[in-house]
Amino acid sequence: MKMESHFRIHLVILTLVLALAAAFRSYAAETDSRSDTESSDSLELLVGDEIRLSFPGAPELSGEQRIRRDGRITLAFVGEKEVIGYTSSQLEDKLLEWYDDQIVTKEVTVTLLSSTFPIYVQGTVLQPGEIMSDRHLTALEAVLKAGYDPKQANLKKVRVIRTEGDRRKNFNLDLQAVLEGEDVEPFFLKPSDIVMVPEKFIWTGRR
């Protein structure tokens, strides 16, 4: 009887692990398919990001750079420019402005190659704490990396806490809807964001 009980427990654990792995692969594939558009067009550049500048009409200006701690990069013939806070498309506009008198072909492409920053996952997860990411990470990906028990974690009421200067913002997310296949816009995290996963409330009927 004990052996049968242990076997059932191991079977349940294995089923949960396989389900989480399948969910992560499915969601990762979906977000990866959007990564070029999402990362380049809607996410702000951060300190430590590595970017590629491509000038079709002036290849001598093209190259790869990493954004320094002061938020700047060094541009040929232009000098040092602060670029953090811009999205890739916004930086493209600024580059055309900075090089307006020096290039004939008014075209430039900014590509985000890599990004490394910490985020934190707390609450009802299997491995709470810091997660270092080398790319822009969604809230769901962070929770999947930390691991969770579907019977205990309430993914319908996940909260992201973000500090910007002296202000703190809260974002309420329904990550369960994403896992269930609903068309929900991915929520991308920023450096030092805190993802809080609450516990499910289970009504026992007792007083």
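The values are calculated or read from the model by the stated rules, or taken from the named source; none is laboratory data. Everything numeric here is computed off the predicted structure, so don't read it as measured data. Positions of Cβ are backbone-derived with ideal geometry, glycine not excepted, and every protein chain shown enters the neighbour counts.
The number of residues in region 168-182 being out of contact with any Lys or Arg (no Cβ under 9 Å at 6 or more places or on another chain) and part of a helix (DSSP H, G or I) comes to 2.
Would you call G123 on the phi > 0 side of the Ramachandran plot and either touching a Pro at 6+ places or on another chain (Cβ under 6 Å) or in contact (Cβ under 8 Å) with a residue 60 or more places away in the chain (or both)?
Working: on the phi > 0 side of the Ramachandran plot: yes; either touching a Pro at 6+ places or on another chain (Cβ under 6 Å) or in contact (Cβ under 8 Å) with a residue 60 or more places away in the chain (or both): yes.
So G123 fits the description; yes.
Selection of region 122-163 for residues being among the aliphatic types (A, V, I, L, M) and under 13 Å from the mean Cα position of the chain (by Cα) yields I131, M132, L137, A139, L140, A142, V143, L144, V160. Among all positions in region 25-48, there is no residue which is surrounded by 12 or more Cβ atoms within 10 Å (Cβ to Cβ), at negative phi, modelled with pLDDT of 95 or more and not aliphatic (A, V, I, L, M). Among the numbered conditions (1) out of contact with any Pro (no Cβ under 7 Å at 6 or more places or on another chain); (2) in contact (Cβ under 8 Å) with a residue 12 or more places away in the chain, the only one that D183 does not meet is (2).
This table checks each residue for (1) surrounded by 14 or more Cβ atoms within 10 Å (Cβ to Cβ); (2) part of a loop (DSSP other than H, G, I, E, B); (3) at pLDDT 90 or above; (4) not assigned by TED's automatic domain parsing to the domain that holds D193.
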| site | (1), (2), (3), (4) |
| --- | --- |
| L95 | yes, no, yes, yes |
| V110 | yes, no, yes, yes |
| R135 | yes, yes, no, no |
| Y148 | yes, yes, yes, no |
